[in-house]
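Colleague: Below you will find the structure I want to go over with you.
The values are calculated or read from the model by the stated rules, or taken from the named source; none is laboratory data. The structure presented is a predicted model; accordingly, all values stated were derived computationally and were not measured. As a convention, Cβ positions derive from the backbone with ideal geometry for all residues, glycine included, and neighbour counts pool all protein chains shown.
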Amino acid sequence: MDAKLLLVLMGIVKTASGAVSYGLIETELVHGETVKFCTYKGMRLLPTSDFVDYDACEKCQCGENGLSCQSVGTYVASAVRGTKCKNVKIACQTTWVLRSDTKRKCPKHLMPISITAVGK
């Protein structure tokens, strides 16, 4: 199998399974009551909270057992230099745009043939 194709397939499989991280539930005594919460980047979240961090491309949930986050989306790690298009990340997805006008999508015939996709 071609090495470039293998790298692309590995990236797709990695994206499908996603990276997962966990954090323990925390407790704090507030006015005599025990309050449970999860902490994500300094923010406290109550159990049953869920959100998507589009900067880190993670979908997280705070449950009774703690915080769990899973990666979402893909991005292209590298592309052939000298093409008229480049990839940009928008909401954890890769979009190909023209280098000369990044507000316009890249036509398919100008997209690079050799790319490597990587899951976050």
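Colleague: Kindly indicate the residue of the range 85-113 that is outside any strand (DSSP E or B) and touching a Lys or Arg at 6+ places or on another chain (Cβ under 6 Å) and also modelled with the highest pLDDT among those meeting that condition. Working first, answer last.
Modeller: Pass one, the range 85-113, residues outside any strand (DSSP E or B): 91-92, 99-104, 106-113.
The next check asks that each one be touching a Lys or Arg at 6+ places or on another chain (Cβ under 6 Å); those that pass are 99, 110.
Numbers: 99: 90, 110: 86.
The extreme case among them is 99.
Colleague: Evaluate the range 62-74: report whether one residue or more is modelled with pLDDT under 85 and within 14 Å of the chain's Cα centre (by Cα). Talk me through it step by step, then tell me what you get.
Modeller: Of all residues in the range 62-74, those modelled with pLDDT under 85 come to 73-74.
From what is left, the residues that are within 14 Å of the chain's Cα centre (by Cα) are 73-74.
Yes, the range 62-74 contains at least one residue that is modelled with pLDDT under 85 and within 14 Å of the chain's Cα centre (by Cα).
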